[in-house]
1. Any idea which residue in region 179-205 is modelled with the highest pLDDT, counting only those that are β-branched (Val, Ile, Thr) and either surrounded by fewer than 21 Cβ atoms within 10 Å (Cβ to Cβ) or not in a helix (DSSP H, G or I) (or both)?
2. Would you mention how many residues in region 139-178 are within 15 Å of residue 96 (Cβ to Cβ) and without any contact (Cβ under 8 Å) to a residue 12 or more places away in the chain?
3. Scanning region 236-262 for residues that are in a helix (DSSP H, G or I) and open to solvent by 30 Å² or more (accessible area, probe 1.4 Å), which turns out nearest to residue 170 (Cα to Cα)?
4. Considering only region 75-107, state which residues are of a type in the set (Phe, Trp, Tyr) and surrounded by 15 or more Cβ atoms within 10 Å (Cβ to Cβ).
5. For the condition assigned by the TED database to the domain that holds residue 31, touching a residue at least 40 places away in the same chain (Cβ under 8 Å), within 25 Å of residue 159 (Cα to Cα) and in contact with a Pro (Cβ under 9 Å, 6 or more places away or on another chain), what is the one hit in 106, 115?
6. Could you list, ordered by first residue, the pairs with Cβ atoms under 8 Å in which the first is in region 225-236 and free of Cβ contacts under 8 Å to residues at least 24 places away in the same chain and the second is acidic (Asp, Glu) and surrounded by 22 or more Cβ atoms within 10 Å (Cβ to Cβ), at least 6 apart or interchain?
7. Against the condition among the β-branched types (Val, Ile, Thr) and either open to solvent by less than 10 Å² (accessible area, probe 1.4 Å) or outside any loop (DSSP other than H, G, I, E, B) (or both), how does residue 62 come out, does it pass?
8. Residue check: is residue 52 surrounded by 18 or more Cβ atoms within 10 Å (Cβ to Cβ) and either within 19 Å of residue 140 (Cβ to Cβ) or at pLDDT below 95 (or both)?
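The values are calculated or read from the model by the stated rules, or taken from the named source; none is laboratory data. All values reported here derive from a predicted model rather than from experimental measurement. Every residue, glycine as well, gets a Cβ built from its backbone with ideal geometry; the counts of neighbours run over all protein chains shown. Heads up: the accessible areas ignore ligands, DNA and RNA and are worked out on the full protein's heavy atoms, side chains in. Shrake-Rupley method; radii C 1.70, N 1.55, O 1.52, S 1.80 Å.
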Amino acid sequence: MSPYALSMLMSSLAVGTIITMSSHHWFLAWMGLEINTLAIIPLMTKMHHPRAAESATKYFLTQATASALILFSTTINAWMTGEWTIMNMTNHTPTVIFTLALAIKLGIAPFHLWLPDVLQGLNMLTCLILSTWQKLAPMALMMLTSHQLNTNLLIAMALMSTIIGGWGGLNQTQMRKIMAYSSIAHLGWMILVISFTPSLALLNLFIYLVLTSSMFLMLMTLNSTNTNKLSISWLKTPTLAASMMATLMALGGLPPTSGFLPKWLILQEMTKQHLGTLSALMAMSALLSLFFYIRLSYTISMTSPPNISNSSLTWRKKKNLTYVIPILIIMSATMMPITPTLLLLN
């Protein structure tokens, strides 16, 4: 792809997200979501492969359906209230339709089936953008309207997302599908607490972006797309393989990594809201995700072959590592000590 076209598409992605996050009018927010969708589709199809075309088609149809539902719900809301302000969504019917539309856009269960198939047909860079940057605009709209959304519906979708995200990743060998189910499970934790404490959902989103970005960048550096390639990553760059194990533990939510911080605070908030049974179910569903993260760590560290691989350029492959990866790895493993500061900010 031409650098000029790539820069224009990346700028359109940034502009679309900024328009949605800074708008107070429903039509402007919808327009920013559409710019986002139209800007990422050429990035999906730049590989000129049938799987990429299939992924782009599935993504376009899914996002078009969600955008139509958003426009439909906001039109009904404007008809009932007489204004297009985002903060004024008080009627039950448009609120439920809008919540379902955002769930489709984000890939929250039970509207999650498109996300693993779409990610599997894309390259790692586009998967990184789809799993991180494309979540910002819908999550911003969900946070703006969090005090008006149906709490019971959000809780049901959150519990379903964490269970399906953990269960779906158990039998996967492709890293892109594993990261897709990881994204579904993390989104479940975010929407669980968003109607109670939006600032805690924002913290969870930030840590999710750090962990997912570091994981995708390490997979891109090691050129690992499945667990078989991941098993010889120790032969390529031992330091990066060890760092990946720490990031996987953070994604699973093990202390003292950064991934434990949002789960701990969310469970604490749920017990304050007298939702003890829900907290126990969420904690047990997190064990499903933790299992396949531990399995990946075992694949990296304990299944290295006794001799080097026959494929070319595997022994200590030289890559131009940017300074971004070490910073993200440090943030994914060492944010736990700043918990008192974060609690004071809340």
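1. 194
2. 2
3. 249
4. Once the filter is applied, which keeps residues that are of a type in the set (Phe, Trp, Tyr) and surrounded by 15 or more Cβ atoms within 10 Å (Cβ to Cβ), region 75-107 yields 84, 98.
5. Matching residue, one of 106, 115: 106.
6. Between residues of region 225-236 that are free of Cβ contacts under 8 Å to residues at least 24 places away in the same chain and residues that are acidic (Asp, Glu) and surrounded by 22 or more Cβ atoms within 10 Å (Cβ to Cβ), there is no close pair.
7. So residue 62 fits the description; yes.
8. yes
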